[in-house]
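> Provided herewith is a single structure, encoded as C-alpha cells, for subsequent inquiry.
The values are calculated or read from the model by the stated rules, or taken from the named source; none is laboratory data. Bear in mind the structure is a predicted one, so any value in this text is a computation, not a measurement. Cβ atoms come from the backbone with ideal geometry, glycine included; neighbour counts cover every protein chain shown. Calculation scope for accessible area: heavy atoms of the full protein, side chains included, ligands and nucleic acids excluded. Shrake-Rupley method; radii C 1.70, N 1.55, O 1.52, S 1.80 Å.
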Amino acid sequence: QQQVRQSPQSLTVWEGETAILNCSYEDSTFNYFPWYQQFPGEGPALLISIRSVSDKKEDGRFTIFFNKREKKLSLHITDSQPGDSATYFCAARAGGYKVVFGSGTRLLVSP
Amino acid sequence: NSKVIQTPRYLVKGQGQKAKMRCIPEKGHPVVFWYQQNKNNEFKFLINFQNQEVLQQIDMTEKRFSAECPSNSPCSLEIQSSEAGDSALYLCASSRDNYAEQFFGPGTRLTVL
C-alpha cells in the first residue's frame with residue numbers, strides 16, 4: 001500500500017518554464033511534508049518543506065502548494081534551469097520518527 | 001549542504017557475506033535514521049536511534065540486520081548474511097530531534113553478487 005503517491009513519474013520542461021510536480025497521500029495524520037532533490041550518485045537533499053497548518057511555502061524558485069482537505073500537494077519550480085534536472089521526492093511524516101517517501105518524479109530541464 | 005558522512009561509498013559482497021557500513025551524523029544531531037533505497041527508488045525505513053537507544057525498527061532489521069550507534073563512535077549498519085535482494089543504496093540521515101528535518105548522507109551503494 002503506497003501511502004504517498006507522486007505524479008508524473010517523469011517530466012520534461014524547457015528552460016525557463018514552470019515545472020509542476022504532484023503528490024497525494026492517504027494518511028490524514030501526516031502533518032509534515034518535506035520535498036527532497038536527488039542527483040544521480042548522491043543522497044537526497046532537503047529542498048523545501050511544509051507543515052499542515054500552512055497552505056503555501058515559498059523558497060526562491062520553489063513553492064509548495066498544500067490542500068489538506070484533498071490530501072494533495074504540489075511543488076512548483078519556476079524559471080526551471082538545466083541544473084534542476086534531478087529526481088524529486090515528496091515525503092510525509094506523522095509526528096516524529098520515520099519519513100514515508102513517494103516513488104519520485106524524474107525532472108529533465110532541456111536548454 | 002548535509003554534513004552526514006557515510007563510508008564506504010561503494011561495497012561489493014558475495015551472497016552470505018557480512019556487509020558493514022558506517023555513518024557519522026551531523027554534529028549536534030542525536031537522532032539517526034537508516035533507510036534503504038532500491039533501484040526502483042522505493043525507500044524503506046530500517047531503524048532509528050536517539051543517542052545510543054533504538055527508537056523504531058522494522059521486522060526485517062531484527063533478523064539479518066543489526067545496527068548500533070555507540071557513543072563517540074560512528075553509527076553502523078551490518079547485514080549478517082547478504083542476499084542479492086539487499087543490493088541497494090543505504091542512506092543514513094540525522095536530525096536535531098524526532099520532529100526536525102532529516103538530513104541525508106551520500107549513501108553506501110551495496111552490490112551483492
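> For the stretch A:4-110, what is the accessible area per residue in Å², given a 1.4 Å probe and the full set of protein chains?
46
> Oh, and also: Assign unit charges at the C-beta atoms only (+1 for Lys and Arg, -1 for Asp and Glu), then state the dipole size of chain B relative to its Cα centre in Debye, rounded to the nearest 20. Don't skip to the answer; put the middle values down first.
Working: 13 positive and 11 negative charges, 92 e Å.
I would put it at about 440 debye.
> Which Cα, out of A:P111, B:M21, A:T63, lies furthest along the positive dipole direction of the protein assembly as shown (beta carbon charges, K/R +1, D/E -1)?
So the residue furthest toward the plus end is B:M21.
> Something else about it: How about the stretch B:95-110: which of its residues lose at least 50 Å² of accessible area in the presence of all protein chains relative to their chain isolated, using a 1.4 Å probe?
Flagged in the stretch B:95-110: B:N98, B:Y99, B:E101, B:Q102, B:F104.
> Using a 1.4 Å probe on the protein heavy atoms only, what accessible surface does A:K72 show? Give it in Å² to the nearest 10.
100
> With every protein chain kept in the model, how would you rank B:I79, A:I20 by accessible area, 1.4 Å probe, largest at the top?
Descending accessible area places them as A:I20, B:I79.
> Something else about it: Give me the log10 of I(q) over I(0) for chain A at q = 0.14, 0.15, 0.19 Å⁻¹, as the Debye formula computes it from C-alpha points; what are the numbers?
Result of the Debye calculation: -0.50, -0.58, -0.93.
> May I ask you to give the percent of accessible area on the stretch A:4-110 that is carbon plus sulfur, with a probe radius of 1.4 Å?
47
> Beyond 31 Å, how much of the Cα-Cα pair distribution for the protein assembly as shown remains, as a whole percent?
The share of Cα pairs beyond 31 Å in the protein assembly as shown comes to 21 percent.
> Could you give the Stokes-Einstein D for chain B in µm² per second, using the C-alpha Kirkwood radius, 4 °C, 1.567 mPa s?
Translational D for this selection: 93 µm²/s.
> Treating the beta-carbon of each Lys and Arg as +1 and of each Asp and Glu as -1, no other charges, what is the dipole magnitude of the protein assembly as shown about its Cα centre, to the nearest 20 debye?
260
> So if I place +1 on the C-beta of Lys and Arg and -1 on the C-beta of Asp and Glu, and nothing else carries charge, what would the dipole magnitude of chain A be about its Cα centre? I want it in debye, nearest 20.
The calculation lands at about 480 debye.
> Next up: Per-residue counts of other Cβ atoms within 10 Å, averaged by peptide: what ranking do you get for B:14-20, A:42-48, highest first?
A:42-48, B:14-20
> Quote the FRET efficiency, to the nearest 0.05, computed for A:D27 versus A:H76 with a Förster distance R0 of 30 Å and r equal to the Cβ-Cβ distance.
0.80
> Here is a follow-up. Enter the buried accessible area of the B/A pair, total of both sides, probe 1.4 Å, in Å² rounded to the nearest 100.
Numbers: alone 6560 and 6250 Å², together 11150 Å².
Using a 1.4 Å probe, the pair buries roughly 1700 Å².
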